[in-house]
Each structure stands twice: as structure tokens, then as C-alpha cells.
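The values are calculated or read from the model by the stated rules, or taken from the named source; none is laboratory data. Just so it is clear, the model here is predicted, and its values are computed rather than measured. FYI the Cβ positions are ideal-geometry reconstructions off the backbone, even for glycines, and counts take in every protein chain you see. The accessibility values were calculated without ligands, DNA or RNA, using every heavy atom of the protein model including side chains. Shrake-Rupley method; radii C 1.70, N 1.55, O 1.52, S 1.80 Å.
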Amino acid sequence: MTVGLDVRSERERVARACRPGQPLPEFVYSSDEDILWSRVFATLRTMHEQLACADYRRAARLVQLPAERVPQMSEVSRMLRSLTGFELAPAIGSQPGRLFYGPMADGILHATPDVRPVTEQSFSPDPDVIHELVGHAVILADPEFAELYRCFGRAANRATSDEERAAIARLFWFTLEVGVVAEKGHPRAYGAAILSSVTEMESFVNADLREFRVEDILAADIDDSICQPLLFVADSVSRMMAEVTSFLRTRVGS
């Protein structure tokens, strides 16, 4: 299964040409990419029923991502706008620092429209459209999670030091990327990097699961090239949100 360079380069051209305030463009996907999406999404959706947190499952029922093809970013963005006011904006590759976090304050998530290689279908170290839509976009349909993303954006815009920016990135990683919460005595995922990876979904319950403490998170190491071996489990989503929000509001840019 291969995807021509012309398809990828055209997506990149279209994404780079998009300007703030303009309608989101339509991206072209090959039949092979639609097949890859369908295969991975079907597997993940089954796993989510058992291993995703309740908030995510409720949000997924609202968003209703198509199963047979790669969704258009524009259609998902319209749905999010109607639910929580969030919108998607096309980007190529990983966005550095404030360019990624800052726009969240205004309800904008930069997301790549590209599709992971077939060799990385179960685990991709780089963001792709599966990560962006299955992971981030679905949870953004939940009003409380959408507000948490906004809180990260506001904190990033207030940050005045590299230390504060590093703290924001680390806290975002261990919550909205690889976050885990205890539900009925079992670990359940709410982080986008776990929810969009078959390998992460298979393995996160066997990771080194530690009690959720912001201070411990800020001292932990990140390695996004592998399944995160250390995860922090909150007693509840509401407790996690309260502690993260308190840190971002009182200890960043103050």
C-alpha cells in the first residue's frame, strides 16, 4: 500500500495556502489512505468501548466520525464549532511551542491533514490525521475538555520563561496526550496519543501507572518515539481538570 508523492505534496500545498478566516479546504485522499483509515478506525473504535473514558465515548457519539473514509477536516470542524466553539486549522507536521498551544486560547486547534505510513498504522511517533481527529477532535466535543484546551492556550500566551513553557508542554503531554483516569477501579484513556494508537491502547494498562500529581508530572521524562512507559492516573476527570487548571492559572505568567 503506497501513496504517491503528488497526493501528499498537494495536501501540503493546500494546507499552506489556507489563511485564517478562510473556509477550510477539501483535502484529497487516495483509496489506499481511505482503506488505512477504515482499518485503524474500526480497530480503535472497538477498543474504545472497553478502554476509553466515559467522557470520550460520549463525545465520540456526538462527532460520529465516518468509518469508511478519511474525514474532511472541514466537516469535523463544523461539528465541533456547533458543539463547543472549537475549530480546526490545517498545519503541516508538528507545530512548535506557542504556535501550537497559543491558538487554543481562541478555540483553534492546528491539525495536520496527512496520513501516517502503512508501516506505522498501529503506532506513529508523528501526528497525523488519525491522531488529530480520533484523538484530539473527538474529545474537543466535550465542553469541559474544550475549556481545558483553551486554558492551556491562555497559559502559553502568558508564559514568560522557557521553564514555564516546558512545564506547559510536559503537563499537556501527560494529560491531553497520554492521560489516564480511573473509572470503576480500572484505568481508562482520555489522552489523544493513546486513543489514536492501537499499540498504545493495547499496552497502556500495563505501563507504570502512578498517582496523578502535577509536581511528579513536571519532573517526569517524555519520549514520544515509543509507547509512554510512565503514566499518571487521576482519580477522576474533574480532579485532573481542577489541578491542571489551578496550576496553569496560578503558576504560569503570574
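Apart from one condition, Asp126 fits all of (1) within 23 Å of Phe204 (Cα to Cα); (2) assigned to a helix (DSSP H, G or I); (3) acidic (Asp, Glu); the exception is (2). Within segment 204-254, being modelled with pLDDT under 95, of a type in the set (Gly, Ala, Ser) and within 19 Å of His131 (Cβ to Cβ) holds for one residue alone: Ser225. Among residues of segment 227-250 being open to solvent by 20 Å² or more (accessible area, probe 1.4 Å), in contact (Cβ under 8 Å) with a residue 24 or more places away in the chain and not in a helix (DSSP H, G or I), the one that is farthest from Ala182 (Cα to Cα) is Cys227. Within segment 104-123, the only residue that satisfies the criterion of being among the hydroxyl-bearing types (Ser, Thr, Tyr) and closer than 16 Å to Val76 by Cα is Thr112. Since Arg81 meets every condition but one in (1) in contact with a Phe, Trp or Tyr (Cβ under 8 Å, 6 or more places away or on another chain); (2) modelled with pLDDT of 95 or more, which condition does it not meet? Evaluating Arg81 over (1) in contact with a Phe, Trp or Tyr (Cβ under 8 Å, 6 or more places away or on another chain); (2) modelled with pLDDT of 95 or more leaves (1) as the failure.
Restricting to segment 159-203, name every residue that is among the small types (Gly, Ala, Ser) and crowded, with 20+ Cβ neighbours inside 10 Å. Answer for segment 159-203, where residues must be among the small types (Gly, Ala, Ser) and crowded, with 20+ Cβ neighbours inside 10 Å: Ala159, Ala167, Gly179, Ala189, Gly191, Ala192, Ala193, Ser196, Ser197.
Considering the conditions (1) touching a residue at least 60 places away in the same chain (Cβ under 8 Å); (2) buried (at least 16 other Cβ atoms within 10 Å of the Cβ); (3) within 13 Å of Trp37 (Cα to Cα), Val118 is excluded by exactly one of them, (2). Say whether the condition of being modelled with pLDDT of 95 or more, of a type in the set (Gly, Ala, Ser), open to solvent by less than 30 Å² (accessible area, probe 1.4 Å) and touching a Cys at 6+ places or on another chain (Cβ under 7 Å) is met by at least one residue in segment 125-139. The answer is no; no qualifying residue exists. Close Cβ contacts (under 7 Å, 6 or more residues apart or on different chains) running from residues in segment 134-155 that are farther than 19 Å from Pro113 by Cα to residues that are open to solvent by less than 10 Å² (accessible area, probe 1.4 Å) and assigned to a loop (DSSP other than H, G, I, E, B) comprise Ala146/Phe86; Ala146/Leu140; Tyr149/Leu140; Arg150/Gly107; Ala155/Val252.
Against the test of being open to solvent by 20 Å² or more (accessible area, probe 1.4 Å), part of a helix (DSSP H, G or I) and charged (D, E, K, R), the options Arg57, Arg69 yield a single qualifying residue, Arg57. Among the residues of segment 85-108, is any closer than 24 Å to Asp208 by Cβ and either of a type in the set (Phe, Trp, Tyr) or open to solvent by 20 Å² or more (accessible area, probe 1.4 Å) (or both)? Checked against the condition, which is being closer than 24 Å to Asp208 by Cβ and either of a type in the set (Phe, Trp, Tyr) or open to solvent by 20 Å² or more (accessible area, probe 1.4 Å) (or both), segment 85-108 yields no hits at all. Residues in segment 27-40 that are open to solvent by 20 Å² or more (accessible area, probe 1.4 Å) and not hydroxyl-bearing (Ser, Thr, Tyr): 5 in all.
Conditions tested, residue by residue: (1) over 25 Å from Glu202 (Cβ atoms); (2) part of a helix (DSSP H, G or I); (3) of a type in the set (Gly, Ala, Ser).
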{"residue": "Leu148", "(1), (2), (3)": "yes, yes, no"}
{"residue": "Gly153", "(1), (2), (3)": "yes, yes, yes"}
{"residue": "Asn157", "(1), (2), (3)": "yes, yes, no"}
{"residue": "Pro187", "(1), (2), (3)": "no, no, no"}
